[in-house]
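**Q** Before we start, here is the structure in question, set down as structure tokens.
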Amino acid sequence: MKEKNCYILGIESSCDDTAAAVINNGIVLSNVVATQKIHEDYGGVVPELASRAHQQNIVPVVEQALRKANIDKKQLSAIAFTRGPGLMGSLLVGTSFSKSLALGLGIPLIDVNHMQAHILAHFIKSESQKIPKFPFIALTISGGHTQIVKVTDYFSMEILGQTIDDAVGEAFDKSAKILGLSYPGGPILDAFAQKGNPKAYTFPKPKVNPMDFSFSGLKTAILYFVEKEVKQNSNFITENMEDICASIQHTIVDYLMDKLKNAVKHTGIKEIAIGGGVSANSGVRKAITEAESKYGWNTYIPKFEYCTDNAAMIAIVGELKYRNNLFANSDVLAAARLKL
Ligand code: KG4
Ligand code: ZN
């Protein structure tokens, strides 16, 4: 990387978080996220409401990011925004805002793939974080995606496996919903799981290709199991919440680790980096950390604020593209489906 001083504003609006961040030479100066609480009442993200909330949030969020970074917008070198994948109505807000701001300031516009950003978040500079060495395996686990990716260089990535139905975050959220927990249930299920017995109940691990995932069967198995038990004891869930959550989490974490082991066997690569909202899960973090001594892997977990959706990860990709002169045309369009 040539070290030309640069300030990149990153803007993220692919789902239900409106986020803006400023990065200066790989270092995060500000990272602002407005999480839309409105969806909690509906048990999931409502696209129309998300789009409207982005429209309300985007100006104050960007202003706050610039203020916290203590810079004027005239100092910006470029604007990086999430082009996709994501919800079209949400993406459109960030895309059109970024285009007009870049045009108004007369600076370059940089389009960013959200999934690439979850992976490249590992290159945000920080004293406490080590950076993965190429080539590495990235496990991207979020509410929208579950992928195993071979990363050969910043912009050279190959998907080795992915989910054929639900994403792992959805598996957590849907399991939590069956147990009557509120949305998004992943972190709540995690909190109960930490106090329970992971071996109390067993759930099947769906069989698909070695590096692919399937979670819809697990959700059904949990639903049938709970319904059967509740018929015999109407208080079954509340009396056993911790053990049920621990057992579900154990099944999911074990499944993710099985798939990573298959990827290591397939590629011979032992550099493993995780990303996406589910990397915040305590069971995932423990298993990935333990894999260093257990299997001799070098593992990398981003800081919590760079795991869930954020704009610092968009800004770091922006900087990497800026330094490689990879700019977007002014007629670039948001793309709900975008390949890695
Ligand atoms: O990456 P992210 O913020 O947004 C998407 O791009 O989807 O991921 C959100 C997902 C949600 O499904 C949420 O329940 C899950 O990550 N999640 C967790 C935890 N924290 C967030 N799942 C399990 N345990 C957690 N601690
Ligand atoms: Zn995401």
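The values are calculated or read from the model by the stated rules, or taken from the named source; none is laboratory data. The shown structure was predicted, so the numbers you read here are calculated from the model rather than taken from an experiment. Positions of Cβ are generated from backbone atoms using ideal geometry, with glycine treated the same way; all protein chains shown enter the neighbour counts. In case anyone asks, the SASA skips ligands and DNA or RNA and just uses the protein heavy atoms, side chains included. Shrake-Rupley method; radii C 1.70, N 1.55, O 1.52, S 1.80 Å.
**Q** Is it the case that the range 73-81 has a residue that's within 30 Å of E271 (Cα to Cα), within 16 Å of ligand 2 (Cβ to nearest atom) and outside the structural domain of G268 (by TED's automatic domain parsing)?
**A** Among the residues of the range 73-81, at least one is within 30 Å of E271 (Cα to Cα), within 16 Å of ligand 2 (Cβ to nearest atom) and outside the structural domain of G268 (by TED's automatic domain parsing), which makes the answer yes.
**Q** Would you mention how many residues in the range 63-83 are under 12 Å from V22 (Cα atoms) and either open to solvent by 70 Å² or more (accessible area, probe 1.4 Å) or in a helix (DSSP H, G or I) (or both)?
**A** 11
**Q** Let me ask something else. Given the structure, is K207 surrounded by fewer than 16 Cβ atoms within 10 Å (Cβ to Cβ) and at pLDDT below 95? Let's see the steps before the verdict.
**A** Details: surrounded by fewer than 16 Cβ atoms within 10 Å (Cβ to Cβ): yes; at pLDDT below 95: yes.
Yes: the conditions hold for K207.
**Q** Let me ask you something else. So which of F155, F172 ends up being aromatic (F, W, Y) and surrounded by fewer than 17 Cβ atoms within 10 Å (Cβ to Cβ)?
**A** Being aromatic (F, W, Y) and surrounded by fewer than 17 Cβ atoms within 10 Å (Cβ to Cβ) holds for just one of F155, F172, which is F155.
**Q** Run down V59, V22 and say which single residue is in contact (Cβ under 8 Å) with a residue 40 or more places away in the chain and among the β-branched types (V, I, T).
**A** Sole residue among the options that is in contact (Cβ under 8 Å) with a residue 40 or more places away in the chain and among the β-branched types (V, I, T): V22.
**Q** Which number in (1) free of Cβ contacts under 8 Å to residues at least 60 places away in the same chain; (2) in contact with a Phe, Trp or Tyr (Cβ under 7 Å, 6 or more places away or on another chain) marks the one condition that V208 misses?
**A** Here V208 meets the rest and fails (2).
**Q** Now a separate question. I'd like the full set of residues that are within 16 Å of ligand 2 (Cβ to nearest atom), closer than 13 Å to D190 by Cβ and among the small types (G, A, S), limited to the range 264-312.
**A** G277, S279, A280
**Q** Being modelled with pLDDT of 95 or more and within 14 Å of ligand 1 (Cβ to nearest atom) narrows it down to one residue among G161, G144, G106, G169; which is it?
**A** Being modelled with pLDDT of 95 or more and within 14 Å of ligand 1 (Cβ to nearest atom) holds for just one of G161, G144, G106, G169, which is G169.
**Q** Turning to a different aspect of this structure: Could you give me the residue pairs with C-beta distances under 8 Å whose first residue belongs to the range 217-229 and is touching a residue at least 40 places away in the same chain (Cβ under 8 Å), whose second residue is open to solvent by 60 Å² or more (accessible area, probe 1.4 Å) wherever it lies, and which are 6+ apart or on separate chains?
**A** L218/P204; L218/K205; K219/K174
**Q** For the range 25-50, what are the residues that are polar (S, T, N, Q) and surrounded by fewer than 19 Cβ atoms within 10 Å (Cβ to Cβ)?
**A** Those that are polar (S, T, N, Q) and surrounded by fewer than 19 Cβ atoms within 10 Å (Cβ to Cβ): N25, T35.
**Q** Show the residue pairs that are 6+ apart or on different chains and have beta-carbon atoms under 7 Å apart, the first residue being within the range 109-131 and part of a strand (DSSP E or B), the second being of a type in the set (K, R) and within 16 Å of ligand 2 (Cβ to nearest atom).
**A** Close Cβ pairs (under 7 Å, with a partner that is of a type in the set (K, R) and within 16 Å of ligand 2 (Cβ to nearest atom)) amount to D111/R83; V112/R83; N113/R83.
**Q** Quick check on this structure: which one of L338, L326, L320, L333 is open to solvent by 20 Å² or more (accessible area, probe 1.4 Å) and either in a helix (DSSP H, G or I) or within 15 Å of ligand 1 (Cβ to nearest atom) (or both)?
**A** L338
**Q** Pairs, please: C-beta under 8 Å, at least 6 apart or cross-chain, first residue in the same structural domain as I159 (by TED's automatic domain parsing) and in the range 257-276, second more than 16 Å from ligand 2 (Cβ to nearest atom) and acidic (D, E)?
**A** From residues that are in the same structural domain as I159 (by TED's automatic domain parsing), the pairs are K259/D212.
**Q** Counting just the residues of the range 178-194 that are more than 14 Å from N281 (Cα to Cα) and either modelled with pLDDT of 95 or more or open to solvent by less than 40 Å² (accessible area, probe 1.4 Å) (or both), which one comes out farthest from ligand 1 (Cβ to nearest atom)?
**A** Here is the first cut: in the range 178-194, the ones more than 14 Å from N281 (Cα to Cα) are 178-183.
If we keep only those that are either modelled with pLDDT of 95 or more or open to solvent by less than 40 Å² (accessible area, probe 1.4 Å) (or both) as well, we get 178-181.
Working: I178: 14, L179: 13, G180: 16, L181: 10 Å.
Among residues in the range 178-194 that are more than 14 Å from N281 (Cα to Cα) and either modelled with pLDDT of 95 or more or open to solvent by less than 40 Å² (accessible area, probe 1.4 Å) (or both), the one farthest from ligand 1 (Cβ to nearest atom) is G180.
**Q** Right, G86: in contact (Cβ under 8 Å) with a residue 40 or more places away in the chain and either hydrophobic (A, V, I, L, M, F, W, C) or assigned to a loop (DSSP other than H, G, I, E, B) (or both) or not? Explain how you work it out, then say what you get.
**A** On the way: in contact (Cβ under 8 Å) with a residue 40 or more places away in the chain: yes; either hydrophobic (A, V, I, L, M, F, W, C) or assigned to a loop (DSSP other than H, G, I, E, B) (or both): yes.
Here the answer is yes, as G86 does meet what is asked.
**Q** Here are V253, V264, V278, V230: which of them is more than 16 Å from ligand 1 (Cβ to nearest atom) and in contact with a helix residue (DSSP H, G or I) (Cβ under 7 Å, 6 or more places away or on another chain)?
**A** When all the criteria are applied, what remains is V230.
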